[in-house]
Every structure is written in C-alpha cells, then in structure tokens.
1. Sort out which residues of the stretch 131-158 are under 21 Å from Thr30 (Cα atoms) and among the hydrophobic types (A, V, I, L, M, F, W, C), and write them in order of number.
2. Ser116: of a type in the set (S, T, N, Q), closer than 22 Å to Pro145 by Cβ and within 19 Å of the chain's Cα centre (by Cα), yes or no?
3. Being modelled with pLDDT under 85, open to solvent by less than 20 Å² (accessible area, probe 1.4 Å) and not aromatic (Phe, Trp, Tyr) is the filter here, so list the residues in the stretch 158-176 that pass it.
4. Could you list all residues from the stretch 74-94 that are assigned to a strand (DSSP E or B) and within 16 Å of Ala25 (Cβ to Cβ)?
5. Which pairs turn up if I take residues in the stretch 89-101 that are under 15 Å from Tyr186 (Cβ atoms) and touching a residue at least 40 places away in the same chain (Cβ under 8 Å) and look for partners that are in a loop (DSSP other than H, G, I, E, B) and open to solvent by 50 Å² or more (accessible area, probe 1.4 Å) with beta carbon separation below 7 Å, at least 6 apart in sequence or on another chain?
6. In the stretch 165-172, is there at least one residue being in contact (Cβ under 8 Å) with a residue 24 or more places away in the chain, among the β-branched types (Val, Ile, Thr) and within 25 Å of Leu93 (Cα to Cα)?
7. State which residue is surrounded by the fewest Cβ atoms within 10 Å (Cβ to Cβ) when the search covers only the stretch 43-53 and only residues that are under 17 Å from Thr125 (Cα atoms) and more than 14 Å from the chain's Cα centre (by Cα).
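The values are calculated or read from the model by the stated rules, or taken from the named source; none is laboratory data. None of the values given here were measured: they were computed from a predicted structure. No Cβ is skipped: glycine too gets one built from the backbone with ideal geometry, and neighbour counts run over all protein chains shown. Calculation scope for accessible area: heavy atoms of the full protein, side chains included, ligands and nucleic acids excluded. Shrake-Rupley method; radii C 1.70, N 1.55, O 1.52, S 1.80 Å.
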Amino acid sequence: MKIKDVGDITPVHLDVLSEVGNIGAGNAATALSDMLHYMVKVTVPSVRIVEMEEVAQAIGDPSQNIAAITINLDQDLIGTMLSIFHGPFANELVTSFIGTDLPDITMFRDSEMGRSVLCEVGNITVATYVNALSQLSKLVINILPPHIIIDTLDEVIKKHQAREFKDFGHKVVVIDESFIIKDEEYKSSMILLLEIDSLNALIDSLGVE
C-alpha cells in the first residue's frame, strides 16, 4: 500500500528506520573517533514522527542557538537531511579538532574553521546514515555539499519550513541520538525529509509491507 504522507508510516516502518539508524550511528561514532583521535560512543538512536509545527519543541528549547547542517539528497531518493548540533556538542567538536574554544555557538558565524569542522561532522553523520539506507535498500543515494545555518532552533525550523518542509507533507521523521565524548553525553538530532514518491520507493525497496 502506498503512503500519502509521512504520518502514514507504521510502527513496522519505524522499526526498519531504527535499524538503519543503529547501523548509521555506529558507523558515525567510528568515523568521528578516527577524526578526533579518541573514542566516541553513541547511544541507540530513536526514530519518531513529529508534526511539522512541533519539530522545534520536540528537539529542544526553540530559543536555543544551534548549528544546523543541511544536506540535500538526490538520485533514487529526493529529499533533505537536517543535522542539528546544540551548542555544547558543537563546541566540543571544534575544540577537540582545532583547539579553539567557542563556548557561545554564535561565535561560529565568524569562525571559518569552526563552520568547516561542523560541516564535515554533519557530512559524516548524514553520510553514514545514507550509506546504511543505500546498503539495505540497494538504492543509489547521492549527497550534495553541506550548508550550515547558525541561529535559534525555532528560526532554523521556520526557514526550512518556508523553503523546504512544505514539499514533504505535514509531518517529518526525527532521529534522536547522543554521542558520548570523554564521559560527557551530547544530544544530536537529524530530521529526514523525503518526497512522498521517494519515501514509497524506500519502503518498497526495504521490503516493508
């Protein structure tokens, strides 16, 4: 049965996407460990369907400044993945990589190196998830160069809602996970938006009834 909206996704679909998330998260932790030269662990990700209007509240404090890495998908799947980095996580990544402490995430706007590090990390986390999707579905999925936005969570969501969310229905897939670095746990979230035809192609290719 073809679905008409993300809201039609069933618990069985979510179980499959969770398994993809498990694979992608594990690979992301390995890639980040190699990048940062010390152990990075990741919690088991959770996958949920969220109303578009409630996305900011579902992910965190809407007034909190965050870094959002946007990566578009094309080829067999058309859509967008939005990777959300909260301030403490973003600062830990950049400090670990280049030794520069930027405790206020708005300072990343003036740090070309900081933005570059976050784009690379966003590229890694999205790529590992996409690769897991591609391996399990046998679909060809290309990822385009990342774009970074630093603003409040609410403003980031509003900008994407006006520009992109309108093309993907009234609900979105949210993937929550936490990375553990030096015994500190940092929350991260990804928003997956697929055109309905692509979502149906993914479900069919994964063999989900």
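1. Result: Ala132, Leu133, Leu136, Ile143.
2. yes
3. His160, Val172
4. Passing the criteria: Met81, Ser83, Ile84, Phe85.
5. none
6. No, that holds for no residue.
7. Val44
Per-residue answers, yes or no, for (1) modelled with pLDDT of 85 or more; (2) more than 29 Å from Tyr38 (Cα to Cα); (3) surrounded by fewer than 22 Cβ atoms within 10 Å (Cβ to Cβ):
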| residue | (1), (2), (3) |
| --- | --- |
| Ile105 | no, no, no |
| Pro145 | yes, no, yes |
| Thr152 | yes, yes, yes |
| Leu193 | no, yes, no |
